[in-house]
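See structure below.
The values are calculated or read from the model by the stated rules, or taken from the named source; none is laboratory data. Just so it is clear, the structure is predicted and the values come from calculations on it, not from any experiment. Neighbour counts run over all protein chains shown; Cβ positions are idealised from the backbone, glycine included. Remember, those area values only see protein heavy atoms, side chains included, never the ligands or the DNA or RNA. Shrake-Rupley method; radii C 1.70, N 1.55, O 1.52, S 1.80 Å.
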Amino acid sequence: GTLLVSERIDREELCGALSLCSLSFEIVVENPLELYSGSVEIQDINDNDPVFPSSQARLQISESVVAGARFPLESAQDPDVGINSLQTYQLSANPHFALDVQTRVDGSKYAELVLEKELDREEQRELHLVLTALDGGSPPRSAQVQIHIDVVDANDNAPVFNQSTYKASVRENTPSSTLVTRISAYDLDDGPNGDIVYSFSSHTPTKVRELFALDSATGELRIKGHLDYEETKLYEMYLQAKDKGAVPGVAHCKVLVEVVDMNDNTPEVTVTSVYSPVPEDAAPGTVVALLSVMDLDSHDNGLILVQVSDVNDNAPKSSQDSYDVYVLENNVPGIPILNVSATDPDLGRNAHLSYTLLQGGPTVGHIFSINRENGTLYLLTSLDHEDQVEFSMIVQVQDGGSPPLSTNVSVSVFVTDLNDNAPTVLYPHPNTTTTYTDVVAPGSPAGHVVTKVVAVDADAGYNAWISYTLLQATDPSLFSVGLHSGEIFTARQLREDDAPQHTLVILLKDHGEPVLSTSATVSISVAEMVKEVLTDLTDVAPASDPRRHVTFYLILAVILVSAAFFITMLSVGIFKCYKWRQSKEIFNSSRSTLYRTPGPFHHIDAVRGGFTPPNLYHQVYLTTDSRQSDLLCKKPFTSSPLGSRQSTMRNGEPGLYHQIVGTATQLPTPAE
């Protein structure tokens, strides 16, 4: 069980610049079967010296450079890691420059010369310095480079970068010549002193120079080599802009390039057979092989995915079981009114949903339509609240599985009312040549109800509330109208000097928005006798009617016939009463049981707009043993807005009717 080293281990060759270097292995122990995973960490020793790219470096610095100016120096490279890597730099003693050691994001060190005392070319034309790089080993290893500085005359303006740090991201395995970023600097000088050349700073690592290329004229930084996220995730480089003056001015900037991981590594599967061949009588659960999987990619690119096949075991589920939709009537056809939402946790075809409209009535399929793919319910026609208030239907949501699963969602569509119907006058009936004349007796007191305007509104709710207003009248002080009832009543007691004929214009308005209205014209006669009213009726015939003379004679004929009929019936009634009294006196003793005391008389009235003066009622008394009808003649002067349940004959002038009322059965006695 001893783990031995079989050959010399070089950490820098195995892991390069990675600080953590380890080798993984697996050990299988049999009887009983057990698997152990382990790793060997390769620790670094200080076996490498820091190395500069060259043994000498030459700088040209103008004497006009002010104190505080910085000059990057070439960095030394040490393949060791951790404390054994490059840790610091040292500069030989001199009166003009100091050394500032900086740390990159990856932990590596680089050095910059900082001018502390201004140079004077007349005093000293050149300087010689020694830069020493030291690692952190024990004892430390080191390397040196000779720095030769030429002090030259001044170049007035040095190049200036538009930003000190540039950041860019690039995917690993990106092809060569792909643009990463573009750096830009400007120089206020003219001629060669203003021409700028871009280059890598002297302390840019060699590895960076191998992977990236910089265009000296445009400042474009492009990919040159192969980028590998698993090797390096971030590159930090320093670029400079130098003009072409005799003493070139120099500016520096930093560029950070982040390498984005791509799924470019195939999972490595290691199969270790521990039981081969497998006997045919091997028990279930017997371990046949051990598998281990490794992927060098990171995050999601490094997971191993196990696909689970889907079966259609979930029915679609709607966000709610039922929907109530309210739509204004008179809508525009083709508008969407609802989106039925449903989900299915299955995958692929098993989760593909289709929507079907199941007809809830014979007209639903002609009025509504649903989008099969997204469940949007459309209204195909314009709805009318007065025609139908509610529609009910079922929407079936079905998945694409085999066999398919489905769920049903109930939808109720309510048609809300708009004020699209004006009030309709039932009495007096509009759109006719008939003149409706109501009668009021002279001297009627204030508050006496004369007639009533009857109207309806096809709308619903508040839109159907009707208010009545007196818009115009022959005498505005004589009549008033009930605001909500439509009843026309006397506002004061009638006087002898009041006009015999009155025409009222009633304005009917609903309470909708906008308000719709109509008007009704009511004629009222002030009279006591029937013939006064009839005479007035002949006067209101339209003057422009060419048949006005014929109409007059027809009315006159009807009046005469009605009067004769009335007198005849009255005579018959009087004769009947006389005969009944006479027979009662003669046969009172012998036929006392043949006649019974008549019960309360039956009051028959004609409905005219809901109201008729009592002095136009007629009464009749019938014997309880009468086997045939006794006739009552009745002559109303206007038609009823609600219609009559009695037999009606219309003759001659509109508005004049004869009604014959009879009792076809024996009247009950008070005892019955």
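Could you tell me which of I27, Q146, L119 has its Cα farthest along the dipole of segment 1-153 towards the positive end, charges placed at Cβ (Lys, Arg +1; Asp, Glu -1), taken about the Cα centre?
L119
Of I524, I559, which has the most accessible area with a 1.4 Å probe, and how do the rest follow in descending order?
These residues rank, largest area first, as I559, I524.
With +1 on each Lys and Arg Cβ and -1 on each Asp and Glu Cβ, and nothing else charged, work out how big the dipole of segment 160-260 is about its Cα centre, in Debye to the nearest 20.
140
Taking all protein chains as present, what is the carbon and sulfur share of the accessible area of segment 1-153, in % to the nearest whole number, probe 1.4 Å?
Carbon and sulfur atoms account for 48 percent of the accessible area of segment 1-153.
How far apart, in nm, are the 7 Å Cα→Cβ label points at E373 and K167?
4.1
Ignoring ligands and nucleic acids, what accessible area does L556 show with a 1.4 Å probe (Å², nearest 10)?
70
What is the gain in length, in nm to one decimal, between V160 and R222 on full extension, counting 0.36 nm per residue of separation less the C-alpha to C-alpha distance?
On the way: separation 62, 0.36 × 62 = 22.32 nm, distance 2.16 nm.
Result: 20.2 nm gained on full extension.
To the nearest 20 debye, what charge dipole does segment 271-326 have about its Cα centre, counting +1 at the Cβ of each Lys and Arg and -1 at the Cβ of each Asp and Glu? Please report the intermediate quantities before stating the final value.
Working: 1 positive and 9 negative charges, 27 e Å.
Dipole about the Cα centre, nearest 20: 120 debye.
Which order do peptides 568-574, 336-342, 510-516 fall in by mean Cβ count within 10 Å, highest first?
336-342, 510-516, 568-574
Contact order normalised by length for segment 424-526, with contacts defined as Cα pairs under 8 Å and 6 or more residues apart; what percent is it?
Computed value for segment 424-526: 34 percent relative contact order.
Would you list which lysines come within 17 Å of K576, measuring only between C-alpha atoms, while excluding same-chain residues fewer than 8 positions from it?
Cα-Cα hits under 17 Å: K584.
Counting only the heavy atoms of the protein chains, how much of E63 is accessible to a 1.4 Å probe, in Å² to the nearest 10?
Accessible area of E63: about 50 Å².
Can you sort D10, D300, D438 by solvent-accessible area, 1.4 Å probe, largest first?
The ranking, largest first, comes out as D300, D10, D438.
Sorting check: for 461-467, 492-498, which peptide has the highest mean count of neighbouring beta carbons within 10 Å, and how do the rest follow?
461-467, 492-498
Using protein chains only and a probe of 1.4 angstrom, how many square angstrom of V130 are accessible, to the nearest 10?
Taking all protein chains as shown, V130 has close to 40 Å².
Which lysines, if any, have their Cα less than 21 Å from the Cα of K254, not counting same-chain residues under 8 positions apart?
Filter leaves K109, K167, K207, K224, K233, K242.
State in Å² the accessible area per residue of segment 1-153; use a 1.4 Å probe, count heavy atoms of protein chains only, and round to the nearest integer.
61
Under a 1.4 Å probe, what is the accessible area of segment 184-291 per residue, stated in Å²? Can you show the working numbers first?
Details: 5710 Å² over 108 residues.
Dividing the accessible area of segment 184-291 by its residue count gives 53 Å².
Just going by the charge dipole of segment 317-416, with Lys and Arg at +1 and Asp and Glu at -1 on Cβ, which of L338, L357, P403 is farthest out on the positive end?
Working it through, the farthest residue towards the positive pole turns out to be P403.
How far is it, in nm, from the label point at V505 to the one at N331 when both lie 7 Å from their Cα along the line to the Cβ?
About 4.1 nm, to one decimal.
Take each of the peptides 227-234, 166-173, average the number of other beta-carbon atoms within 10 Å over its residues, and list them starting from the highest.
The densest-packed peptide leads the list: 227-234, 166-173.
With +1 on each Lys and Arg Cβ and -1 on each Asp and Glu Cβ, and nothing else charged, work out how big the dipole of segment 1-96 is about its Cα centre, in Debye to the nearest 20.
Approximately 620 debye in magnitude.
Please report, as a whole percent, how much of the solvent-accessible surface of segment 160-260 comes from carbon and sulfur atoms (probe radius 1.4 Å).
Values: 2290 of 4780 Å².
Carbon-and-sulfur percentage of accessible area, whole number: 48.
Could you work out what % of the accessible surface of segment 424-526 is carbon and sulfur, using a 1.4 angstrom probe and leaving DNA, RNA and ligands out of the count?
54
So for M237, M294, what's the accessible-area order with a 1.4 Å probe, most first?
Working: M237 0, M294 100 Å².
I get M294, M237, largest accessible area first.
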